[in-house]
Amino acid sequence: MNNNLPLLFLLLLAVCSCRSGKKDRPAGYQVVDIEFSADSAYEYCSRQCDFGPRTMNSSAHEQCLEWIASQFTAFGYSVELQKAALKGYDGTTLNSTNIIATAAALAGGDSLATQPRILVCAHWDSRPWADNDADSANWRKPVMAANDGASGVAVMLELARLLGQHDSASYAVDFICFDAEDWGVPQWSDISAADSWALGAQHWAAGIDRQAAARYEFGILLDMVGGQGAHFYREGFSMKYASRVVDQIWKAAATCGYGSIFLNQEGGWITDDHVPVNETARIPCVDIISHYPDCESSNFGPTWHTVSDDMQHIDKNTLAAVGQTLVQLIFQK
């Protein structure tokens, strides 16, 4: 009898743990049994950084462009390269390319034309200046942008891979990698230009017609979704334009066990690619963006716009939290 006490104790712990986990999940939702691979997303992130900083008009930018497009093509997506010569805040001509990957016939060749469709997006360019670095000697150096850029694209690529393998998604999912997001006015400049950020998204949103935009039930923007110790708050513009979608995403996060990372608290109002998607394209779009309210250097975290935004500061746990939440959202019935 006494020899069985440890076993009984462990069984009781297991039962209690299971009950606790179920209690934290929203009623009416079941956990999706498709696993998002954080290891795979990490490799996609690292592969982008292997090209170096993907700053506008650089060879690394063009090489990474070809690689990202080839990955979506390999996963069965139809890829359009939306090229434009955009003007930076300082008059620099930016050779911009939005990478648009459209789901056409995936997973067995079934048409997705009649399926509800959503948009998932992220920016893929790197900040050309580490203007928030603690060392002023780094202010004009480019940022590797492992988190601020590559992490969002990495999560999208892993989602695209999974969608190509499973035909049970509740949505057809299109992807856009926005360019020229991070050419905003640097802190050391005395130039004032309110619209210097999210240039690629502005260009796309201004060009999409109403009928094309109307096919999307909603959009999701991924920005800085791989940082160490990240938490995700309900961002202001997202709540203004897409509060219902925010609720869906945060419920999905709680369902698959990431309610402690997707916090039911409001964050700030962020100028990001989702603003033109909401205000110009009129597609309700949520920004999943990390928020560090107690970080002294920036609410976007300690590596934001610094030379430390590299693979050493990417956390697979954060990639898993965001990726699995989107898998739950996209595949749950």
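The values are calculated or read from the model by the stated rules, or taken from the named source; none is laboratory data. Every value quoted in this text rests on a predicted model; they were computed, and no experiment measured them. Quick reminder, even Gly has a Cβ in these numbers, built from the backbone with ideal geometry, and neighbours come from all protein chains shown. Only protein heavy atoms, including side chains, enter the accessible area calculation; ligands, DNA and RNA are left aside. Shrake-Rupley method; radii C 1.70, N 1.55, O 1.52, S 1.80 Å.
Can you tell me which residues in region 152-207 are crowded, with 20+ Cβ neighbours inside 10 Å and touching a Pro at 6+ places or on another chain (Cβ under 8 Å)?
Answer for region 152-207, where residues must be crowded, with 20+ Cβ neighbours inside 10 Å and touching a Pro at 6+ places or on another chain (Cβ under 8 Å): 171, 172, 182, 183, 198, 201, 202, 204, 205.
What number of residues within region 54-107 satisfy the criterion of being under 18 Å from residue 202 (Cβ atoms), of a type in the set (A, V, I, L, M) and not in a strand (DSSP E or B)?
The total comes to 1.
Filter region 105-133 down to the residues that are open to solvent by 40 Å² or more (accessible area, probe 1.4 Å) and either of a type in the set (Ser, Thr, Tyr) or at pLDDT 95 or above (or both), then identify the one that is nearest to residue 329 (Cα to Cα). If you could, list the steps in order and put the result at the bottom.
If we filter region 105-133 for residues that are open to solvent by 40 Å² or more (accessible area, probe 1.4 Å), which is where we start, we get 105, 108-111, 113-116.
When the remaining residues are screened for being either of a type in the set (Ser, Thr, Tyr) or at pLDDT 95 or above (or both), the result is 111, 114.
Values: 111: 21, 114: 19 Å.
It comes out as 114.
Just for strands (runs of 3 or more DSSP E) wholly inside region 228-324: which have at least 1 residues that are open to solvent by 50 Å² or more (accessible area, probe 1.4 Å) and over 22 Å from residue 176 (Cβ atoms)?
Numbers: elements: 232-234, 262-266, 285-289.
Of the strands (runs of 3 or more DSSP E) lying wholly inside region 228-324, those with at least 1 residues that are open to solvent by 50 Å² or more (accessible area, probe 1.4 Å) and over 22 Å from residue 176 (Cβ atoms) span 262-266.
So residue 217 fits all but one of (1) among the charged types (D, E, K, R); (2) open to solvent by 50 Å² or more (accessible area, probe 1.4 Å); (3) not in a strand (DSSP E or B); what number is the exception?
Only one criterion is unmet by residue 217, namely (3).
Cβ-Cβ distance below 8 Å, separation of 6 or more or different chains: which pairs start in region 158-171 with a residue that is in contact (Cβ under 8 Å) with a residue 12 or more places away in the chain and end on one that is charged (D, E, K, R) and surrounded by fewer than 19 Cβ atoms within 10 Å (Cβ to Cβ)?
Pairs that qualify, where the first residue is in contact (Cβ under 8 Å) with a residue 12 or more places away in the chain and the partner is charged (D, E, K, R) and surrounded by fewer than 19 Cβ atoms within 10 Å (Cβ to Cβ), are 167/110; 170/333; 171/117; 171/217.
Which condition does residue 211 not pass, out of (1) over 26 Å from residue 125 (Cβ atoms); (2) assigned to a helix (DSSP H, G or I); (3) in contact with a strand residue (DSSP E or B) (Cβ under 9 Å, 6 or more places away or on another chain), if it passes all the others?
(3)
Just the residues that are among the hydrophobic types (A, V, I, L, M, F, W, C), more than 11 Å from the chain's Cα centre (by Cα) and not in a loop (DSSP other than H, G, I, E, B), please, taken from region 161-177.
To start, the set of residues in region 161-177 that are among the hydrophobic types (A, V, I, L, M, F, W, C) comprises 162-163, 169, 172-173, 175-177.
Next cut, more than 11 Å from the chain's Cα centre (by Cα) only: 162-163, 169, 172-173.
Of everything in region 161-177, those that are among the hydrophobic types (A, V, I, L, M, F, W, C), more than 11 Å from the chain's Cα centre (by Cα) and not in a loop (DSSP other than H, G, I, E, B) turn out to be 162, 163, 172, 173.
Based on this model, can you work out whether residue 158 counts as in contact with a helix residue (DSSP H, G or I) (Cβ under 7 Å, 6 or more places away or on another chain), assigned to a loop (DSSP other than H, G, I, E, B) and under 26 Å from residue 117 (Cβ atoms)? Outline the logic, then answer.
Details: in contact with a helix residue (DSSP H, G or I) (Cβ under 7 Å, 6 or more places away or on another chain): yes; assigned to a loop (DSSP other than H, G, I, E, B): no; under 26 Å from residue 117 (Cβ atoms): yes.
No; evaluated as a whole, the condition is false for this residue.
What is the residue count in region 83-104 for residues that are open to solvent by 40 Å² or more (accessible area, probe 1.4 Å), touching a strand residue (DSSP E or B) at 6+ places or on another chain (Cβ under 8 Å) and at pLDDT 95 or above?
Counting residues in region 83-104 that are open to solvent by 40 Å² or more (accessible area, probe 1.4 Å), touching a strand residue (DSSP E or B) at 6+ places or on another chain (Cβ under 8 Å) and at pLDDT 95 or above gives 5.
Can you spot a residue in region 54-62 that is among the basic types (Lys, Arg), out of contact with any helix residue (DSSP H, G or I) (no Cβ under 7 Å at 6 or more places or on another chain) and at pLDDT 95 or above? Walk me through it before giving the result.
Taking region 54-62 as the starting set, the residues that turn out to be among the basic types (Lys, Arg) are 54.
Checking the rest, the ones that are also out of contact with any helix residue (DSSP H, G or I) (no Cβ under 7 Å at 6 or more places or on another chain) come to none.
Taking every residue of region 54-62 in turn, none turns out to be among the basic types (Lys, Arg), out of contact with any helix residue (DSSP H, G or I) (no Cβ under 7 Å at 6 or more places or on another chain) and at pLDDT 95 or above.
Could you please find all residues in region 129-155 being part of a loop (DSSP other than H, G, I, E, B) and touching a Cys at 6+ places or on another chain (Cβ under 7 Å)?
Step one: list which residues in region 129-155 are part of a loop (DSSP other than H, G, I, E, B), which gives 129-135, 139-145.
Selection gives 144 alone.
Of the residues 315, 272, 294, which is free of Cβ contacts under 8 Å to residues at least 24 places away in the same chain and of a type outside the set (A, V, I, L, M, F, W, C)? Steps first, please.
Details: 315 fails: free of Cβ contacts under 8 Å to residues at least 24 places away in the same chain; 272 fails: free of Cβ contacts under 8 Å to residues at least 24 places away in the same chain.
Only one candidate qualifies: 294.
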